[in-house]
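The values are calculated or read from the model by the stated rules, or taken from the named source; none is laboratory data. Just so it is clear, the structure is predicted and the values come from calculations on it, not from any experiment. Every residue, glycine as well, gets a Cβ built from its backbone with ideal geometry; the counts of neighbours run over all protein chains shown.
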C-alpha cells in the first residue's frame with residue numbers, strides 16, 4: 001500500500017556469519033602457527049641431541065645413571081681440564097672417572113644449580129670445586145649468569161631439569177623461556193658442535209703478555225657495586241653448596257688452579273677473601289689445595305689467566321694427578 005513503510009526483517013544468523021568465518025580463520029591460523037612452532041621445537045630438540053656435546057646439561061641428561069669418582073665444578077679456569085682429550089688423560093693416569101661440569105663465568109649459584117641437576121640421576125665420590133674469587137663479587141656471575149640463554153641453548157627438554165628450576169627461587173624465572181624452547185629455536189642458525197671457542201681455537205696457543213689487556217680483564221671480572229655484601233652472600237651460598245655435596249655422601253675438595261703472577265698479583269682483596277674462604281672451609285672440614293703459584297711462566301697460558309695445553313699437562317705432573325689418585 002502506498003505510503004506504508006516497508007519493514008525489513010533481518011535474519012539474526014546472517015549478522016554472525018562473517019564473524020564466525022573470521023573466527024574460524026583466526027583459529028586456523030593459530031593452529032597452523034602452533035604446529036609450525038612445535039615442528040621447529042622438535043627440530044631444535046633433535047639438533048640439541050646431536051650437537052650438544054660439551055653443554056653441561058646435555059652431558060648430564062644423556063649420560064647413563066652412574067657414580068663417578070670426581071665431578072669438577074667452577075668457572076672457566078676449570079674448563080681446560082676437560083678440553084680436548086685432557087679429561088681422558090687424567091682418567092688414564094689416575095684410574096678415576098671424571099665429569100667436568102664447570103662453566104664459563106659460573107659463580108656459586110650456577111654451580112649449585114648444575115650439581116643439583118646432576119644429583120637427580122647421578123652421584124659422585126668426590127666433588128672438586130675450582131675456587132675463583134671473582135665469582136663471589138657480583139650477581140653477574142651468579143643469578144644473572146644463570147639467566148644467560150646460552151647456558152640453556154643446548155639443554156635438552158628434561159623433567160629433572162624442570163624440577164631443578166622449581167627447586168630454587170632464584171632460577172624459577174628462567175623456566176618459561178626454557179620450556180618455550182625459544183633459545184633453542186632462535187639458535188638453530190648455529191648448528192655446529194657445542195664446543196667452546198677457547199677449546200677449539202685457543203687451547204694450544206701461548207699468550208703474549210699485554211699490561212692493558214691484563215688490567216681490563218681484572219676490571220671486568222671484579223666490577224661490583226658492593227663487593228663486601230656480595231662476598232658475604234655468595235660465601236653463604238658456597239657453604240650451602242658444600243653442605244649439599246657432603247649430605248649427598250660425596251667429599252668436597254677445594255682447589256685453586258695456576259695463574260700467572262701478572263694476573264694473580266692484581267686480584268683485589270685476595271688475602272682478605274682467602275681468609276674468609278678458609279673460615280668456611282675449616283668449619284666444613286674441607287682442605288684447600290692451592291696450585292695457584294706453581295706455573296709462573298706465560299708459556300703455560302692461552303690468554304691472560306687460563307691454562308693452555310702445556311699448562312694442563314704441567315699441573316697434572318705437579319700434583320693434580322696425585323690428588324686424584326689419593327682422593328679416589
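The table for this structure:
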| item | result |
| --- | --- |
| Residue 99 vs. criteria in contact with a strand residue (DSSP E or B) (Cβ under 6 Å, 6 or more places away or on another chain) and either part of a helix (DSSP H, G or I) or within 18 Å of residue 241 (Cα to Cα) (or both) | yes |
| Verdict on residue 162 being in contact with a strand residue (DSSP E or B) (Cβ under 6 Å, 6 or more places away or on another chain) and at pLDDT 95 or above | no |
| Flag for residue 293 being exposed (fewer than 15 other Cβ atoms within 10 Å of the Cβ), modelled with pLDDT of 95 or more, out of contact with any strand residue (DSSP E or B) (no Cβ under 6 Å at 6 or more places or on another chain) and not in a helix (DSSP H, G or I) | yes |
| Residue 154 touching a helix residue (DSSP H, G or I) at 6+ places or on another chain (Cβ under 8 Å) and outside any helix (DSSP H, G or I) | yes |
| Filter result for residue 224 (modelled with pLDDT under 95 and not in a loop (DSSP other than H, G, I, E, B)) | no |
| Selection within the stretch 271-286 - on the phi < 0 side of the Ramachandran plot and exposed (fewer than 14 other Cβ atoms within 10 Å of the Cβ) | 271, 272, 275, 278, 279, 282, 283 |
| Selected residue [surrounded by fewer than 20 Cβ atoms within 10 Å (Cβ to Cβ), at pLDDT 90 or above, assigned by TED's automatic domain parsing to the domain that holds residue 63 and not in a loop (DSSP other than H, G, I, E, B)] from 217, 208 | 217 |
| Unmet criterion (only one of (1) assigned to a helix (DSSP H, G or I); (2) closer than 20 Å to residue 82 by Cα) for residue 304 | (1) |
| Number of the exception - residue 246 against (1) closer than 17 Å to residue 79 by Cβ; (2) under 22 Å from the mean Cα position of the chain (by Cα) | (1) |
| Residue list for the stretch 103-144, restricted to those being part of a helix (DSSP H, G or I), without any contact (Cβ under 8 Å) to a residue 60 or more places away in the chain and surrounded by 23 or more Cβ atoms within 10 Å (Cβ to Cβ) | 110, 113, 114, 118 |
| Total residues in the stretch 274-286, condition touching a helix residue (DSSP H, G or I) at 6+ places or on another chain (Cβ under 7 Å) and not in a helix (DSSP H, G or I) | 2 |
| Scan of the stretch 157-188 for residues that are assigned to a loop (DSSP other than H, G, I, E, B) and either within 18 Å of residue 120 (Cα to Cα) or free of Cβ contacts under 8 Å to residues at least 24 places away in the same chain (or both), ordered by number | 157, 158, 168 |
| Out of 41, 37, sole residue that is farther than 30 Å from residue 111 by Cα and either surrounded by 13 or more Cβ atoms within 10 Å (Cβ to Cβ) or touching a strand residue (DSSP E or B) at 6+ places or on another chain (Cβ under 6 Å) (or both) | 37 |
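Results for (1) without any contact (Cβ under 8 Å) to a residue 40 or more places away in the chain; (2) outside the structural domain of residue 128 (by TED's automatic domain parsing); (3) more than 19 Å from residue 232 (Cα to Cα), shown as yes or no for each residue.
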{"site": "262", "(1), (2), (3)": "no, no, yes"}
{"site": "267", "(1), (2), (3)": "no, no, no"}
{"site": "271", "(1), (2), (3)": "yes, no, no"}
{"site": "279", "(1), (2), (3)": "yes, no, no"}
{"site": "292", "(1), (2), (3)": "yes, no, yes"}
{"site": "300", "(1), (2), (3)": "no, no, yes"}
{"site": "305", "(1), (2), (3)": "no, no, yes"}
